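Read the structure below first, then the notes.
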Amino acid sequence: MTASALVRQGAGDADIRSASGRVRATPPTRPAGYWRLSCYGEDGRRIAQTTGGRTREQAVRRVAEEERRLTAAGLPGARASRGDDLLDFFLADARPKFPRSPHRGQAWSATYAQQAAGIVERYLRPGLGPVRLSAWSRSHAYRVLDRCPTNYVVGKTRRTLSSVVTVGIENGFLRADQAGLHRVAVTLRADARPSRGPTRAARRDQPLLVQPGEVPGAEQVRALAECVSHVPTRCQPWWSLWIYLLAYGGLREGELLATTAADVLEAGRPLLTVGWQVEEVQGHPKRLAPPKNGLARLAAVCRTTPQGFPLWERLEERARVALHEQGRGANPRALIAPAPVGGWWSRTNFRARCFVPAALAAGWSTLPWRGPVRRKCDGRWVTQMGDRRDFRHTLHSLRHHYACTARDTWSWTVAELCANGGWSDPAFVMSRYYGLTPDVHATALAKQNGHAG
């Protein structure tokens, strides 16, 4: 719908009014002045006032924008009574998902939308949907979180509930005094899967310092990169390049799988263009999507890794080979890390066929446990309890190694790490990698002793 369709001229003068009459613009009182916009509530009282630009065209657009904002944010909360109303509004495609962002029209990724809908339908709606919004309290949050089977699900559900509460308060569904209803402590579940790191007593929704045990060392990275004989034959010439690119280029796994020769050669210097990731949505074919948080970036790639691997030289070589493969139809997209058949890897196949056998051969530590396993029996897929194992360090932990190398070896600032690694929140990066250091107690004691009388 165009802006002109949402507004109409006021009676008898040059005023502009929205179709509902709740947004009105009056012309400037002096030449080259600003139009004045006024917003009114359903009871007819003025609730906001702002400027609408210097020209009538700008005022028409601003009236249409304010009308859409009031329709999307004000009316649902004023008319809602049950939790189902807020949960439906939270998931609605028409709701602006990033109202504070310059790109207000940006939507959730398909993967995140599917995940949020699953948590809402499975955990939040049964406990909160039938409850009056005015009665939402911490006791209801306890009931929701007690439905979660594992500590991991508790954390994800609590974060989703926090987002729902924030949206509810900002749009008039909930009162301001209900802001902290999600901040409840539930009993830790006895997880079947062993934890990769030490148990933490802090709130699970706080960004915490990455512990030394969570970061693979330089020798672990070297061992993984050198186990080329354990990956598919067509991947062997470039396996070391892919691992070092994850560990010292800061790429996420999906970003590596989407990188093309043009991304490498475009800048003409050791800067890699990271504009896409491979997205997998259940029931749909793989596709390209913007990187996490929608942040495309240039990533600086070191010429030589701390292990002595000529990373940028090999990356340029791989880009030229990919273009040659594209010319003969073996790699249609000129991917840097193609699957053996020439298309995009799925994350599951990349880990199962490449990372797992290489990590086992490299001696990466594993955590055995018993849990559900999908197996094919008599032509049917069934779930059975079986022996499973997790790696103490995952493929994603190479990104932790990248951040710690940037901090300790390259002496990067937080801003440099965010710009090159694609993190959107400098405060998170500060608290995760810079806020504390593993030797914080030793340095504190040394400083005390240095000033002792």
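The values are calculated or read from the model by the stated rules, or taken from the named source; none is laboratory data. Keep in mind that what you see is a predicted model, and the values were worked out from it rather than measured. Reconstructed Cβ throughout: ideal geometry from the backbone, glycine too, with neighbour counts over all protein chains shown.
Side notes on the structure shown:
- Residue list for segment 368-382, restricted to those being surrounded by 10 or more Cβ atoms within 10 Å (Cβ to Cβ), of a type outside the set (A, V, I, L, M, F, W, C) and either under 20 Å from P149 (Cα atoms) or modelled with pLDDT under 75 (or both): R370, G371, P372
- Among the residues of segment 150-179, the one identified as more than 16 Å from L87 (Cβ to Cβ), out of contact with any Lys or Arg (no Cβ under 8 Å at 6 or more places or on another chain) and of a type in the set (S, T, Y) is Y152.
- One residue from L251, L241 being modelled with pLDDT of 95 or more, in the same structural domain as A339 (by TED's automatic domain parsing), of a type in the set (A, V, I, L, M, F, W, C) and part of a loop (DSSP other than H, G, I, E, B): L251
- Criterion applied to T304, T260, T273, T233 was being among the polar types (S, T, N, Q), in contact with a Pro (Cβ under 7 Å, 6 or more places away or on another chain) and assigned by TED's automatic domain parsing to the domain that holds W345, and the one residue passing it is T304.
- Residue count, segment 266-291 (criterion: buried (at least 16 other Cβ atoms within 10 Å of the Cβ) and not β-branched (V, I, T)): 11
- A299 vs. criteria touching a Leu at 6+ places or on another chain (Cβ under 6 Å), of a type in the set (G, A, S), farther than 21 Å from S346 by Cα and buried (at least 16 other Cβ atoms within 10 Å of the Cβ): yes
- Residues of segment 389-415 classified as small (G, A, S) and buried (at least 18 other Cβ atoms within 10 Å of the Cβ), total: 3
- Among helices (runs of 4 or more DSSP H) entirely within segment 357-453, having at least 3 residues that are touching a residue at least 60 places away in the same chain (Cβ under 8 Å) singles out 397-408, 414-421.
- Residue check for V210: under 30 Å from R82 (Cβ atoms) and either modelled with pLDDT of 85 or more or not in a helix (DSSP H, G or I) (or both): no
- Across segment 271-326, the qualifying residues are those that are assigned to a loop (DSSP other than H, G, I, E, B) and in contact with a Lys or Arg (Cβ under 6 Å, 6 or more places away or on another chain), and the one among them that is modelled with the highest pLDDT is Q307.
- Qualifying residue in segment 112-133 (condition: surrounded by fewer than 14 Cβ atoms within 10 Å (Cβ to Cβ), modelled with pLDDT of 85 or more and closer than 15 Å to G168 by Cβ): yes
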